[in-house]
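The values are calculated or read from the model by the stated rules, or taken from the named source; none is laboratory data. Nothing here was measured: the structure is a model prediction, and the numbers come from that model. Every residue, glycine as well, gets a Cβ built from its backbone with ideal geometry; the counts of neighbours run over all protein chains shown. Only protein heavy atoms, including side chains, enter the accessible area calculation; ligands, DNA and RNA are left aside. Shrake-Rupley method; radii C 1.70, N 1.55, O 1.52, S 1.80 Å.
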Amino acid sequence: MGVNINFQDGVWRAMAADSQSEQTLSLPVEGMHCASCVGRVERALKGIAGVVEANVNLATERAVVRIDGAVDPAALVEAIEKLGYTVPAQTFQLTIDGMSCASCVGRVEKSLRAVPGVVDAKVNLATERAEVSGYTDLKSLIGAVAETGKVAHEAGRDEASSLEASSKRDAESRQLKRRVIVAALLAFPVFVLEMGSHLVPAIHHLIGQTIGMQASWLIQFVLTSAVLIGPGRSFYTQGFPALLKGAPDMNSLVAVGTAAAYLFSVIATFAPNLLPEGTVNVYYEAAAVIVTLILIGRWMEARAKGRTSDAIQRLLKIAPKTARVRRNGETVEIDVAAVALGDIVEVRPGERLPVDGEVIEGSTYIDESMVTGEPVPVAKEAGATVIGGTVNQTGSLAFRATAIGDDTMLAQIIRLVEEAQGGKLPIQAMVDRVTMYFVPAVIGLALLTFGVWFFFGPEPALTFGLVNAVAVLIIACPCAMGLATPTSIMVGTGRGAEMGVLFRKGEALQVLKQAQVVAFDKTGTLTEGAPRLTDLEVTPGFEASTLLAHIAAVEAKSEHPIGQAIVAAAQEQQLQLPDVSEFESVTGMGVSAKAGAHSVEIGADRYMVQLGHDVAAFKDVAERFASEGKSPLYVAYDGKLAAIVAVSDPIKETTPVAIDALHALGLKVAMITGDNSHTANAIARRLGIDEVVAEVLPQGKVEAIKSLKQAHGRVAFVGDGINDAPALAEADVGLAIGTGTDVAIEAADVVLVSGSLSGVPKAIALSKATIRNIKQNLFWAFAYNTALVPVAAGILYPAFGILLSPVFAAGAMALSSVFVLGNALRLKTWSPQMPDETQGGTSRETLEMAPAG
C-alpha cells in the first residue's frame with residue numbers, strides 16, 4: 001500500500017493509497033476565487049507527467065493529487081504557483097539527539113531531504129537542531145532521522161523549551177563528568193602497569209618480581225573491560241550500528257580503533273599461540289586511555305557548547321515571572337503569562353518590566369541596554385513605549401500592556417537569534433561535502449595503513465600495522481570540522497544581540513562581510529525623520545522668544561509640515577501664543593496675519609522683496625543655511641524685517657560617527673533619497689558621503705541598488721520605512737532600523753534594535769570578526785587532519801623512525817574540538833571601538849579588532 005500525505009489541522013499527515021506504486025498528496029491552495037481558478041489548477045496538475053488524477057475543491061481550498069512514485073511534490077507546487085496561487089509550506093523544528101560529528105550532520109540532512117515533499121533541511125551540530133521546510137509530516141521526518149540511528153522529536157519555541165534544552169545540556173555535562181571520573185580512575189592503573197613498565201625499568205622489575213607480567217595483563221584486562229563496558233559503552237552502542245548501516249560516524253572510528261586494540265590484547269592474554277611469534281603484546285592502556293581522553297574532550301566540548309548559547313540564556317532570564325496588574329480597582333500580583341492586552345501594569349524603581357507597553361502614569365529612566373545595546377538610560381513619561389525585560393531605574397510608573405507572550409520585543413529578539421544561530425553560511429556547503437565522505441575515507445585509510453605495514457613493514461609487522469591503523473582511526477577528527485562554523489555563528493549572533501544587532505538570517509553574517517558599499521535612506525535613517533526648527537536668527541532690537549511665539553501663532557493656522565515644526569518648537573519652550581486674526585496664505589510666497597496686536601508676515605525672500613524689505617542683512621546666514629541643505633524663511637514684524645528661521649530634518653547624532661567608522665572599514669557610503677538633489681547633496685557634503693542618488697521613488701531606489709551593485713559589487717542597504725522595503729529586499733544585505741516600520745524589518749536581514757546607526761559598522765565589523773573566526777577554525781580542523789592523519793599512518797617512520805602512539809592520537813583528537821570551541825568563544829568578548837571612543841580617529845584595524853582573550 002502506498003503513502004498519502006494530507007494537510008490537516010495545520011499539519012501534513014500521511015494517508016493510505018490504493019496502489020503500491022502511487023502516492024496521494026493533499027495540498028492547500030490559497031488565492032482561488034471561482035470555478036475557473038479550480039479548472040486552471042486542475043489542468044496544470046494533470047499536465048505534469050506522472051500525475052494520475054487531480055481534484056481541486058474551491059470550498060476547502062485543497063488539491064488532492066494522485067501521483068506515481070516518480071513525481072516530485074515540489075513540481076506540483078511549482079505548477080500551482082506559476083498560476084499565481086500559493087501553496088504554503090510547513091516549517092518543522094526538530095531536536096536531534098545522538099549526533100557526535102559533522103558526518104552525522106551530513107547523513108541526517110541527506111535522510112531528511114530524501115523524504116517526499118521536503119524542500120530543504122538544515123541540521124546544526126552546535127544547537128543539535130534541524131529545520132525542515134516542505135510538504136510532509138512530522139512523523140515522516142522523525143522516521144527518516146531514526147533510519148540514521150539518531151533520535152528526533154519536535155523542538156519547542158517557547159521559553160520553557162529553551163530552558164529545558166539548557167537543563168538537558170547541563171545534565172549531559174554532569175553525566176559526562178561522572179563518566180570521565182570513573183574512566184580516569186579505572187584507566188590510571190592500566191596506564192601505570194603497562195606504560196610505566198616500558199618507561200621506567202624499576203616499575204618493570206617490580207611487577208616481574210611481585211605479581212608477574214601475566215597477572216599484570218589480567219588486571220589490565222579487567223580494568224579496561226570495565227572502562228569499555230561502563231563509561232565507554234556509548235561509543236560501541238552508537239558506533240557499530242552506524243557502521244553496519246553504512247553511515248559511520250565519529251563513534252564508529254573510536255569503536256573500531258579501541259575494539260581492535262582491546263581484542264588484539266585479549267588474544268595476546270588468553271590465546272597467545274594464535275599470534276605470530278614476536279607480536280605478543282597487549283594494548284589495553286591504548287583502549288582505556290583513548291576512551292578516557294575522548295570522554296574528557298566530549299565533556300569539555302559539552303561545557304563549551306553550553307557557553308555558546310549564553311546570550312539566549314541571559315535574554316531568557318531577564319524576563320520577570322510575575323507582574324503587578326490593576327484588577328477591579330486594586331493591584332494584584334499575577335503570573336506574567338496571565339497578563340492580558342490592555343492591562344494596566346505597575347512597576348516600582350529597580351524592577352524589570354514584565355511586558356511591552358505604553359506609559360500612562362509617572363516618569364522615570366529605564367535601562368534598555370540588555371535589549372538595545374545602548375548603555376545610557378532612556379527617559380520615559382506618559383505616551384512613551386517601554387520594553388519588557390528592561391529595568392526601571394528611578395521613578396514608579398504605570399503602563400498599558402500592548403504586547404504580551406510571544407509578541408513582546410524580547411520574545412521576538414530571542415526567536416530571531418535562535419533562527420540566526422541555526423542558519424548555515426555558504427562557506428559551510430564545502431565543509432558538508434567533505435565531511436559526508438570523511439569517516440568512510442578514514443576507515444579506508446586505516447585499512448590501507450594496516451595492509452601496507454603488514455605486508456611491507458618491518459617485524460613485528462602485525463604489531464606495527466595494528467598500532468598505526470588504530471592511531472589513524474583515533475586521530476581523525478570530523479568533530480572539529482562540524483563545529484567550526486556553527487559554534488562561531490552561535491557566539492557571533494549572540495554577541496550581536498547583546499550589542500543591539502540582530503541577524504535575522506545567519507547567512508547575512510557572511511554576505512555582510514563582503515559588502516563594498518553601504519547605502520542609506522536619508523529620511524528617518526540618516527536623519528531624525530521629522531522636521532524641526534533648527535535655527536532662529538533675529539535682527540537687533542527683537543527678542544527671540546517673543547518672535548517665536550508670534551511666528552508659531554500664525555503658522556498654527558497653516559497645515560504645512562514646516563509650520564507644524566515651528567509650532568512644536570514653541571510648545572517645547574512652553575510659550576504663550578497670542579490670538580490670530582486676518583490669516584492669509586499667499587500662494588507660492590508665504591503667510592500673513594495679525595498675532596495679537598502685531599502684524600506678522602512669514603515667507604520666502606521673494607515675498608519679503610515684494611513687501612519692500614531688504615534681505616541683504618541675512619545674506620551670509622541664508623548662504624550658510626543653503627550649504628547645510630536648509631530652506632530659509634524670513635519674518636517681518638510690524639513692517640520690519642525681524643528674523644530668518646530654518647526648519648530641517650536634523651541629522652541623527654550617531655550618523656557622523658557611523659559614516660566615519662564605515663570609511664575606516666574601507667567601505668564606500670552612498671545615500672538614496674526621494675528628497676531634492678540640493679538638500680541631499682548638502683547633507684552628503686556635511687557627512688562625507690561618497691555617492692548620492694536623489695529624487696527617486698521606491699522603485700527608483702531598487703534601480704539605484706542595482707546600479708551600485710554593477711559599479712562596486714555587493715551592497716548593504718540601511719532603511720526604516722515602508723518605501724524602503726523593496727530596496728532592503730534587493731540589496732545583498734538589508735539592515736532595518738529597529739524603530740522603523742514592521743514592513744521594513746520583515747524585508748531586512750539584519751535589525752538594529754536601538755535605531756542607532758552605530759549598529760551598522762558594528763554589524764559589519766562583527767561579520768568580519770565572525771567570518772575570520774570561522775576561517776581560523778576551518779584552517780585548524782583541515783590542517784590538523786591533513787597533517788596528523790599521515791603522521792599517524794607512519795609516514796615519518798622511514799626517514800626519522802617516528803611513530804605516533806594511539807594514546808597521543810586520542811589526546812590530540814580530543815584537544816582539536818576543544819580548540820575550535822575555545823576559539824569561537826573568544827567572540828564573546830569581542831568589542832568594536834567607534835571613532836568617538838578613540839583618540840586620533842579610528843583605523844580599520846581597530847574596527848575589525850580581534851576578540852580579546
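Set side by side, the residues Phe782, Phe819 differ, and just one is under 19 Å from Gly297 (Cα atoms), touching a residue at least 24 places away in the same chain (Cβ under 8 Å) and in contact with a Phe, Trp or Tyr (Cβ under 9 Å, 6 or more places away or on another chain), which is Phe819. Considering each residue of the stretch 87-109 in turn, none proves to be modelled with pLDDT of 85 or more and open to solvent by 40 Å² or more (accessible area, probe 1.4 Å). The C-beta contact set for the stretch 565-585 (first residue touching a residue at least 24 places away in the same chain (Cβ under 8 Å), second residue outside any strand (DSSP E or B) and open to solvent by 60 Å² or more (accessible area, probe 1.4 Å), distance under 8 angstrom, 6+ apart or interchain) comprises Ala565/Pro531; Val580/Lys557; Phe583/Lys557. The set of residues in the stretch 508-540 that are of a type in the set (Val, Ile, Thr), open to solvent by 40 Å² or more (accessible area, probe 1.4 Å) and under 30 Å from Val615 (Cα atoms) comprises Thr534, Val538.
Here is a yes/no grid of residues against (1) open to solvent by 10 Å² or more (accessible area, probe 1.4 Å); (2) at pLDDT below 70; (3) on the phi > 0 side of the Ramachandran plot; (4) not in a helix (DSSP H, G or I):
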{"position": "Val282", "(1), (2), (3), (4)": "no, no, no, yes"}
{"position": "Ile296", "(1), (2), (3), (4)": "yes, no, no, no"}
{"position": "Met300", "(1), (2), (3), (4)": "yes, no, no, no"}
{"position": "Gly306", "(1), (2), (3), (4)": "yes, yes, no, no"}
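Whenever a residue of the stretch 234-245 is farther than 14 Å from Arg107 by Cα and touching a residue at least 40 places away in the same chain (Cβ under 8 Å), its partners that are of a type in the set (A, V, I, L, M, F, W, C) and assigned to a helix (DSSP H, G or I), lying with C-beta atoms within less than 7 angstrom and at least six residues away or across chains, give the pairs Phe235/Val254; Phe235/Ala255; Phe235/Val291. So which strands (runs of 3 or more DSSP E) are wholly in the stretch 625-732 and hold at least 1 residues that are crowded, with 16+ Cβ neighbours inside 10 Å, without any contact (Cβ under 8 Å) to a residue 60 or more places away in the chain and touching a helix residue (DSSP H, G or I) at 6+ places or on another chain (Cβ under 8 Å)? Answer list for the stretch 625-732: 631-637, 691-693.
Taken over the stretch 603-627, the criterion of being closer than 24 Å to Ser585 by Cα and hydroxyl-bearing (Ser, Thr, Tyr) is satisfied by Tyr607 alone. Looking only at the stretch 565-573, decide whether some residue is surrounded by fewer than 19 Cβ atoms within 10 Å (Cβ to Cβ) and charged (D, E, K, R). Yes.
Taking the criterion of being aliphatic (A, V, I, L, M) and within 25 Å of Asp649 (Cβ to Cβ), the residues of the stretch 558-585 that qualify are Ile562, Ala565, Ile566, Val567, Ala568, Ala569, Ala570, Leu575, Leu577.
Here is a check on your reading of the model: is Gly524 on the phi > 0 side of the Ramachandran plot and in a helix (DSSP H, G or I)? Yes, satisfied. As a summary of the residue check, Thr60 satisfies the conditions (1) surrounded by 16 or more Cβ atoms within 10 Å (Cβ to Cβ); (2) part of a loop (DSSP other than H, G, I, E, B) except for the one numbered (1).
One residue stands out in the stretch 472-493 among those that are touching a Ser or Thr at 6+ places or on another chain (Cβ under 7 Å) and small (Gly, Ala, Ser): the one that is nearest to Ala824 (Cα to Cα), namely Ser488. Taken across the stretch 830-848, residues that are at pLDDT 65 or above and assigned to a helix (DSSP H, G or I) do not occur at all. Cβ-Cβ distances below 8 Å connect the following pairs, each with a first residue in the stretch 462-475 that is closer than 25 Å to Pro272 by Cα and without any contact (Cβ under 8 Å) to a residue 40 or more places away in the chain, a second residue that is outside any helix (DSSP H, G or I) and open to solvent by 10 Å² or more (accessible area, probe 1.4 Å), and a separation of six or more residues or different chains: Gly465/Gly457. For the stretch 209-224, a residue qualifies if it is free of Cβ contacts under 8 Å to residues at least 24 places away in the same chain and either open to solvent by less than 30 Å² (accessible area, probe 1.4 Å) or aliphatic (A, V, I, L, M) (or both), and the qualifying residues are Ile211, Gly212, Met213, Ala215, Ser216, Val222. Among the residues of the stretch 87-127, the ones that are of a type in the set (A, V, I, L, M, F, W, C), in contact with a Cys (Cβ under 8 Å, 6 or more places away or on another chain) and over 23 Å from Arg415 (Cα atoms) come to 2 in all. Of everything in the stretch 151-165, what is open to solvent by less than 20 Å² (accessible area, probe 1.4 Å) and either modelled with pLDDT of 65 or more or aromatic (Phe, Trp, Tyr) (or both)? Give them in sequence order. Within the stretch 151-165, Ala152, Ala155 qualify.
Residues that are in a helix (DSSP H, G or I), open to solvent by 30 Å² or more (accessible area, probe 1.4 Å) and modelled with pLDDT under 85 were ranked within the stretch 541-564; the one that is nearest to Pro632 (Cα to Cα) is Ile562. Name the residues in the stretch 110-141 that are assigned to a loop (DSSP other than H, G, I, E, B), touching a residue at least 60 places away in the same chain (Cβ under 8 Å) and open to solvent by less than 40 Å² (accessible area, probe 1.4 Å), would you? Matches in the stretch 110-141: Gly117, Leu125, Ala126, Thr127, Tyr135, Thr136, Asp137. Taken as a whole, the structure leaves Ala793 outside the set of residues that are surrounded by fewer than 24 Cβ atoms within 10 Å (Cβ to Cβ), modelled with pLDDT under 85 and out of contact with any strand residue (DSSP E or B) (no Cβ under 6 Å at 6 or more places or on another chain). With the requirement that a residue be of a type outside the set (Phe, Trp, Tyr), in contact with a Pro (Cβ under 7 Å, 6 or more places away or on another chain) and modelled with pLDDT under 90, what does the stretch 624-644 give you? None; the set is empty.
With respect to the conditions (1) at pLDDT 85 or above; (2) part of a helix (DSSP H, G or I), Met813 falls short on a single one, namely (1). Might you let me know whether the stretch 583-593 holds any residue that is closer than 28 Å to Thr673 by Cα and in a helix (DSSP H, G or I)? Checked against the condition, which is being closer than 28 Å to Thr673 by Cα and in a helix (DSSP H, G or I), the stretch 583-593 yields no hits at all. Please determine, by comparing only the residues of the stretch 733-754 that are open to solvent by less than 10 Å² (accessible area, probe 1.4 Å) and among the small types (Gly, Ala, Ser), which one is modelled with the lowest pLDDT. It comes out as Ala744.
Only a single criterion out of (1) surrounded by fewer than 21 Cβ atoms within 10 Å (Cβ to Cβ); (2) out of contact with any Phe, Trp or Tyr (no Cβ under 7 Å at 6 or more places or on another chain) is not satisfied by Val615, namely (2).
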